[in-house]
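*Asks:* Starting off with a structure, shown below.
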């Protein structure tokens, strides 16, 4: 008898006995919880890496790629494990492991970010995301196929039951995405969100052990939960060891806001990037671009009538303070109410509340019916710019808000020869009759403070001869001739300005790392 015939005559190996099927409600409750946890980890994960890597295109591409790769592996491994050992102890043990891994993310973040920081930012954020989030997400991904196996759907209902389980898991993810973005992140710290998520996953596993009659495993799991939470509590945000002091931390829907102080300056930062810098030294000068922009009403107008101004992007309130001190009747528009709170509490903003409109700048421009002699745009989110303010349609809305002879001034930090600067200049030229650009004189390979001025009237500075301030002379002496041939006009339909800015954004974040120094109490603070 041949080996092949003998193999055929051997009895087939018996499939593992999975025991009685899990109750449908238990399966659905479990996959709902773990599906929700996946989205919490993904969205909160963006805030974990944002102090060092920002929250732009690279960061989100890395988080989404790691999430999809982890879930793919988890589905495959979880399904194979379920077929080989369809045991509730293995099932709930995997869920317990996922919870422990999620609780471990905050204490591991600092060392991992520190290891990845010397790498190119694109590789660094991808590696950091993989090291921090791949394992917990992969284990969570294995829950759904395992749950389908344990539910043991009857013949003829496998598709319906599998579809129901995946649907409930996806609904959990959907609700978690809404809750994380709209409720949790604006009101809780990311460390607390991840700890609560990990604890909820572990409680799900503990309930599963107890309902399956595995009381010993349930008791051990309770002990692990307590130890994990104690370890998380003891490993809270580190305190700075240098001269840097984190004065205030404010989670927001739009970014992680901090007020940071050294012996010489106070900074408002969003996602790790400084938005405003206030010197604490006596008789210190304001930054040149602020002085130049705030001088424009005096430089461009000969009338004694107080001009009116609209500022989009309040920040710490330094620019609006300089403008009002020169008699400009200002209205400010700020998207984030918590920015206004920090500006009043830590930077001395005194503009009356009724003169600050908490609204998206584009929405305000479309709704408002007032007219202003000057419109100023000084809006950033970390190193990114709000692209919807720089489309042809948005700039046309600005033009409608300008009084006859009025002017728009934009503060725009970038590489002076960058594709984004050329596109923005060409878009302004498509809307306004006259556009000029001025810089602080930075070399082409360095980041520059660029101020673009646009108007339907010829741009002139009759008051320049009377100005004794060095900042206006610096900018007026460095008029930039941007070549716009071949540049794209930015529109609502297609506006790649932040893609064009990727190189400038990378330089900006590297400059911020040099400015702050390797203070990991700051860079790993979320």
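The values are calculated or read from the model by the stated rules, or taken from the named source; none is laboratory data. As the structure is a computational prediction, the values presented were derived from the model and not from experiment. All Cβ positions, glycine included, derive from the backbone under ideal geometry; neighbour counts span all protein chains shown.
*Asks:* Which residues, counting only those in the range 40-92, are under 13 Å from the mean Cα position of the chain (by Cα) and outside any helix (DSSP H, G or I)?
*Replies:* Residues satisfying the conditions are 54, 55, 56.
*Asks:* Listed residues 104, 128, 109, 138; which is under 21 Å from residue 526 (Cβ atoms), modelled with pLDDT of 95 or more and out of contact with any strand residue (DSSP E or B) (no Cβ under 8 Å at 6 or more places or on another chain)?
*Replies:* That would be 128, the only listed residue that is under 21 Å from residue 526 (Cβ atoms), modelled with pLDDT of 95 or more and out of contact with any strand residue (DSSP E or B) (no Cβ under 8 Å at 6 or more places or on another chain).
The rows are residues; the columns are (1) in contact with a helix residue (DSSP H, G or I) (Cβ under 6 Å, 6 or more places away or on another chain); (2) within 30 Å of residue 113 (Cβ to Cβ).
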position	(1), (2)
478	no, no
481	no, no
489	yes, no
492	yes, no
515	no, yes
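*Asks:* If you don't mind, another one. Is at least one residue of the range 48-65 modelled with pLDDT under 95, surrounded by 15 or more Cβ atoms within 10 Å (Cβ to Cβ) and more than 30 Å from residue 516 (Cα to Cα)?
*Replies:* The answer is no; no qualifying residue exists.
*Asks:* Also: In contact (Cβ under 8 Å) with a residue 40 or more places away in the chain and at positive phi - does that describe any residue in the range 352-363?
*Replies:* no
*Asks:* Just one of 436, 426 is at pLDDT 90 or above and either part of a loop (DSSP other than H, G, I, E, B) or within 17 Å of residue 397 (Cα to Cα) (or both); which is it?
*Replies:* Just a single option satisfies the conditions, and that option is 426.
*Asks:* Which residue, of 521, 448, is closer than 23 Å to residue 265 by Cα, out of contact with any helix residue (DSSP H, G or I) (no Cβ under 7 Å at 6 or more places or on another chain), at pLDDT 90 or above and surrounded by 13 or more Cβ atoms within 10 Å (Cβ to Cβ)?
*Replies:* Among 521, 448, only 448 is closer than 23 Å to residue 265 by Cα, out of contact with any helix residue (DSSP H, G or I) (no Cβ under 7 Å at 6 or more places or on another chain), at pLDDT 90 or above and surrounded by 13 or more Cβ atoms within 10 Å (Cβ to Cβ).
*Asks:* Against the condition within 25 Å of residue 87 (Cβ to Cβ), modelled with pLDDT under 95, buried (at least 18 other Cβ atoms within 10 Å of the Cβ) and assigned by TED's automatic domain parsing to the domain that holds residue 97, how does residue 185 come out, does it pass?
*Replies:* no
*Asks:* Condition first: closer than 20 Å to residue 205 by Cβ, modelled with pLDDT under 90 and touching a helix residue (DSSP H, G or I) at 6+ places or on another chain (Cβ under 7 Å). Can you find one or more residues in the range 73-81 that meet it?
*Replies:* no
*Asks:* Looking only at the range 350-357, decide whether some residue is modelled with pLDDT under 95, closer than 30 Å to residue 511 by Cα, in the same structural domain as residue 296 (by TED's automatic domain parsing) and surrounded by fewer than 21 Cβ atoms within 10 Å (Cβ to Cβ).
*Replies:* no
*Asks:* Being surrounded by 21 or more Cβ atoms within 10 Å (Cβ to Cβ) and either within 20 Å of residue 506 (Cβ to Cβ) or outside the structural domain of residue 314 (by TED's automatic domain parsing) (or both): is that true of residue 414 here?
*Replies:* Taking the combined requirement at face value, the residue satisfies it.
*Asks:* Residue 139: under 11 Å from residue 53 (Cβ atoms), buried (at least 24 other Cβ atoms within 10 Å of the Cβ) and touching a residue at least 12 places away in the same chain (Cβ under 8 Å), yes or no?
*Replies:* no
*Asks:* Can you name the strands (runs of 3 or more DSSP E) wholly within the range 228-340 that have at least 1 residues being touching a strand residue (DSSP E or B) at 6+ places or on another chain (Cβ under 8 Å) and over 19 Å from residue 413 (Cβ atoms)?
*Replies:* By residue number, 245-252, 255-261, 265-270, 308-312, 329-334.
*Asks:* All but one of (1) surrounded by fewer than 17 Cβ atoms within 10 Å (Cβ to Cβ); (2) part of a loop (DSSP other than H, G, I, E, B) hold for residue 167; which doesn't?
*Replies:* The failed condition is (2).
*Asks:* Only residues that are more than 20 Å from residue 90 (Cα to Cα) and surrounded by fewer than 13 Cβ atoms within 10 Å (Cβ to Cβ): list them for the range 204-230, please.
*Replies:* Once the filter is applied, which keeps residues that are more than 20 Å from residue 90 (Cα to Cα) and surrounded by fewer than 13 Cβ atoms within 10 Å (Cβ to Cβ), the range 204-230 yields 226, 227, 230.
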